[in-house]
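Below is one structure, written out as structure tokens; the observations come after it.
The values are calculated or read from the model by the stated rules, or taken from the named source; none is laboratory data. Note that the structure is predicted; figures quoted are calculated from it, not measured. Heads up, the Cβs are rebuilt from the backbone with ideal geometry, glycines too, and the neighbour counts pull from every protein chain shown. What goes into the accessible areas is simple: the full protein's heavy atoms, side chains included, and nothing from ligands, DNA or RNA. Shrake-Rupley method; radii C 1.70, N 1.55, O 1.52, S 1.80 Å.
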Amino acid sequence: MKNYSFKNDYSEGCHPHILETLIKTNLVQQNGYGYDDYSEEARKLIKQKMNYPNADIHFVSGGTQANLLVISSILRPHESVVSAETGHIFTNETGAIEATGHKVHGLVTEDGKLKPEHIQSVLDTHTNKPHQVKQKLVYISNSTEVGTIYTKKELQELSAFCKGNDLYLFMDGARLGQALTSEINDLTLEDIANLTDIFYLGGTKNGALLGEAIIITNDKLKEEFGFHIKQKGAMLAKGRLLGIQFLELMKNDLYFDLAKHSNVQAMKIKFAFHNKGFQFLSDTFTNQIFPILTNSQIEKLSENFDFYVWKKIDEENSAIRLITSWATSDEVVEEFVKEIQSL
């Protein structure tokens, strides 16, 4: 076992507050299937924080499950979804969306973010209806799989484009906490609720044992969503397990404090690489960074720390991905910075 792993932001269990509350409430009887008091209170807090009282909120266990439920519930058999090529549904979910019979259009982007012109390029090459699939949903991630975030202007433009072209806009929020607490962010949770049709708040990567909160703001998408959750095996009988976690995360803004902490720790590492003159695959201000190192430097850092080699640049150099979490300590960062300084 290496000294520390920067492979992902869910290596640890969960924040102690969650464990304490799970133990404290363990023998309190509650209704099942998400109708428990804790889930109801968590929903109220989320609605308050995004100033959107009419939203429907459903708790499920994971990000792939959330993506599958949302997309398969929205699309009719002949409809497709547009995604960046780096999008999780395109690269890392074992064809879960395609397995439901829906095509995913993966588009090459410079920074992992979709723009209206990207989507328009798909629309322009799919005009031979009904002989080609119909685009109906746009999938984006915030923060993206390469650590970048959407600005308010970018999301407004994307939202307006989708509305003008009869497309739904869905935001994967597995790392939404990190996006919203980034030092360069200008979006609010209320903005996202108003500019998307459906999105989710990720708990698994931000202090929960497991869990994502799917938030539906478009009334057209609310009806019968529960049937999809049940049919696909995502409705936990002991829904309290998810409700308690989100209740604790929403209390006193713990969710955002944890996300900010992970960002701050990543930026310390980023600046250490920057001060040594290293280049980056993308300029990020969240808890994912992608410095470019030589193979020998990667080998040296790998002696005591785990991380992914993300992309081969050439024969001598590769970009690595480092992810900090809500639990990454100052001591770990200081030790890693010393390793960087010795390269």
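In table form, for the structure just shown:
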| item | result |
| --- | --- |
| Excluding exposed DSSP-loop GluC sites (Glu not before Pro) (at most 16 other C-beta within 10 Å), longest clean stretch of the chain | 225-302 |
| P(r) tail fraction, region 67-144 - alpha-carbon pairs more than 14 Å apart, % | 58 |
| Leu137 long-range amide H proximity, modeled H, under 5 Å | Ser80, Val82, Tyr168 |
| 5 Å binning of all Cα-Cα separations within region 127-190, expressed as whole percents from 0 upward | 4, 16, 23, 22, 14, 9, 6, 4, 2, 0 |
| Kirkwood Rh and Cα Rg combined as Rg/Rh, region 191-246 | 0.99 |
| Proximal lysines relative to Lys24, as straight alpha-carbon distance under 23 Å, when same-chain residues fewer than 8 apart are discounted | Lys44, Lys238, Lys251 |
| Helix-only mean residue ellipticity at 222 nm for the chain, each DSSP H run of n ≥ 4 adding -39500 (n - 2.57), per residue, nearest 500 | -11500 deg cm²/dmol |
| Expected-Rg normalisation [2.2 N^0.38 Å, Cα atoms] applied to region 282-343 | 1.12 |
| Per residue accessible area of region 203-246, 1.4 Å probe, in Å² | 44 |
| Cleavage-rule hits (trypsin sites (Lys or Arg not before Pro)) in region 1-33: DSSP loop, at most 13 neighbouring Cβ within 10 angstrom | Lys2 |
| Inverse mean reciprocal Cα-Cα distance (Kirkwood Rh) of region 16-253, Å | 18.2 |
| Whole-number percent relative contact order across the chain, with pairs defined as alpha carbons under 8 Å at least 6 apart | 24 |
| Out-of-range pairs (alpha-carbon distance over 25 Å; input Lys163/Lys222; Lys115/Lys268; Lys47/Lys220; Lys7/Lys136; Lys136/Lys311; Lys129/Lys163) | Lys115/Lys268; Lys7/Lys136; Lys136/Lys311 |
| Per-selection Kirkwood Rh - region 1-122 (Cα, Å, 1 d.p.) | 18.2 |
| Amide proton proximity set for Ile198, modelled H, under 5 Å, gap of 5+ | Leu169, Met171, Thr217 |
| Carbon/sulfur fraction of accessible area - the chain, other protein chains in place, 1.4 Å, % | 49 |
| Furthest towards positive pole of dipole, Leu187, Asn165, Leu176, structure part region 139-208, Cβ charges | Leu176 |
| Distance from region 9-55 to region 263-301 (C-alpha centre basis), Å | 35 |
| Equivalent ellipsoid, region 1-49 (semi-axes from 5 times Cα gyration tensor eigenvalues, Å) | 30, 16, 10 |
| 5 angstrom amide H check on Thr109, placed H, neighbours 5+ away | Glu85, Thr86 |
